[in-house]
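Chemist: Take this structure, written in structure tokens, and hold onto it; I'll ask about it next.
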Amino acid sequence: MDNRTITFKNTPCIISSGCVVGKNESEGPLSEYFDKCVKDGRFGEKTWEQGESKFQKTALDYALKKANLSQSDLGCIFGGDLLNQCVASSFAYRDMDVPFIGLYGACSTFVEGLALAGVFVDSGAVSRAAVCVSSHFCTAERQYRNPLAYGGQRPPTAQRTVTGAGSVIVSQGEKTFPKIARATFGSVVDSGINDANNMGACMAPAAYKSLKEHFKNTHTSPSDFDLIATGDLGEIGRKTVRDLFYRDGVDMGESYIDCGCEMFDIHRQDMHAGASGCACAATVFSGYIMDGLKNSKWKRILLAGTGSLQSPLTVQQNETVPGICHVVEIEV
């Protein structure tokens, strides 16, 4: 690791992906890129939480099937979600005899897992690793905000948690596939914001810091990449990142997008500031971005996973909401 950025030497590659989304996500502009769209939020289960576990397991099944692999071919699974103690993930894999590494990085969890999978595969600790994360609008509302039946008014800065799950398989030696070239692990950034309904503002400074460090450590600039995608900053956070770089004299350019702005048609679907949740970056990457990489639409990209580090208790205590951002560089 050089100045927080890891350069991988043994070409850990992303050989397949899978993604499953809910009803609202299937009605958005990226619907054609998802493997499965589920209209029932419970996915046929008794509870939303059980349904979220099924979303995650199903996404992994799609990724394994596309790679012609079975569960026994995996060295480990990196999984995470937004629920207390990451139960959506651990319950999804309780019938699998595969080493499970549970993660919590809030909405940055997918990129955190992708970077760690790169470390494990690059080092030879495992030959293949899966990354699979999920989120669910109903489970997140029940945990973080109010019961759905309460009908609380959402401010314009609010974002809608994505219902779905995304998964990738990272493997050694498959050099014809997109490879994880570098990863920058971010530090916790607290800008003093305590409005939990303005997550974009809470996370944007962390995204700016981690992207700036990645550019510096790799001697690159935004113009060196065909695509730069942040995880779920939404309209407000994306604009803030642009403004912060603009103060440095850096133009993020037309190649910069935010997965939280891409998931929904914000105006037609009335999603306020956009999308959020672990599954936001995971499903946009596993579907839309992976399709672009495989079809040579992009050859060099940055994926910056963003997360707001809060809990229901810290919000009630009027604590500030720190942010985190991890970055992976992927090349074809």
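Chemist: Quote the charge dipole size of the chain about the Cα centre in Debye, to the nearest 20; the model charges only the Cβ of Lys and Arg (+1) and of Asp and Glu (-1).
Modeler: About 280 debye.
Chemist: Using a simple charge model, +1 on the beta-carbon of Lys and Arg, -1 on the beta-carbon of Asp and Glu, nothing else, what dipole does segment 40-163 show about its Cα centre, in debye to the nearest 20?
Modeler: 360
Chemist: What does the helix-only formula give at 222 nm for the chain: each DSSP H stretch with n ≥ 4 adding -39500 (n - 2.57), the total divided by the residues, and the result rounded to the nearest 500 deg cm²/dmol?
Modeler: -9500 deg cm²/dmol, from helical runs alone.
Chemist: Spelling out what I want: for every residue of segment 47-53, take phi, set θ = phi - 60°, compute 6.51 cos²θ - 1.76 cosθ + 1.60 (Karplus), and round to whole Hz; glycine and proline get x.
Modeler: Karplus-based 3J(HN,Hα) across segment 47-53 equals 10, 5, 5, 5, x, 5, 4 Hz.
Chemist: Please compute the contact order of the chain in relative form: average sequence separation of alpha-carbon pairs under 8 Å and at least six residues apart, divided by the residue count, as a percent.
Modeler: Answer for the chain is 26 percent.
Chemist: For segment 101-122 and segment 57-95, compute the distance between their C-alpha centroids and round to whole Å.
Modeler: Each part's Cα centre sits 13 Å from the other's.
Chemist: ³J(HN,Hα) across segment 58-74 via Karplus (A = 6.51, B = -1.76, C = 1.60, θ = phi - 60°), whole Hz, x for Gly/Pro?
Modeler: Here the 3J(HN,Hα) series is 5, 4, 5, 4, 5, 5, 5, 4, 5, 8, 6, 10, 10, 4, 5, 7, 8 Hz.
Chemist: Specify which labelled value, from [x] 41, 22, 20; [y] 49, 22, 20; [z] 26, 25, 18, agrees with semi-axes √(5λ) of the Cα gyration tensor in Å derived from the coordinates of the model shown.
Modeler: Computed from the coordinates, semi-axes √(5λ) of the Cα gyration tensor in Å corresponds to [z].
Chemist: Taking the chain as a Gaussian network, where each spring joins two C-alpha atoms under 10 Å apart, which residue of 238, 182, 94 fluctuates the most?
Modeler: 94
Chemist: Another question, if that's okay. Given charges of +1 on the Cβ of Lys and Arg and -1 on the Cβ of Asp and Glu, with all other atoms neutral, how large is the dipole of segment 145-253 about its Cα centre, in debye to the nearest 20?
Modeler: Result for segment 145-253 is approximately 120 debye, rounded to the nearest 20.
Chemist: Also: Just want the ordering: 326, 272, 136, 219, from fewest to most Cβ atoms lying within 10 Å of their own Cβ.
Modeler: Ranking 326, 272, 136, 219 by Cβ neighbours within 10 Å, fewest first, gives 219, 272, 326, 136.
Chemist: Tally the DSSP beta bridges in the chain and give the antiparallel ones as a percent, rounded to 5.
Modeler: 65
Read the figures in this text as sums done on the coordinates, not as results from a lab. Since this is a predicted model, take the numbers as computed values, not measurements. Here Cβ is always computed from backbone atoms with ideal geometry, including for glycine, and neighbour counts include all displayed protein chains.
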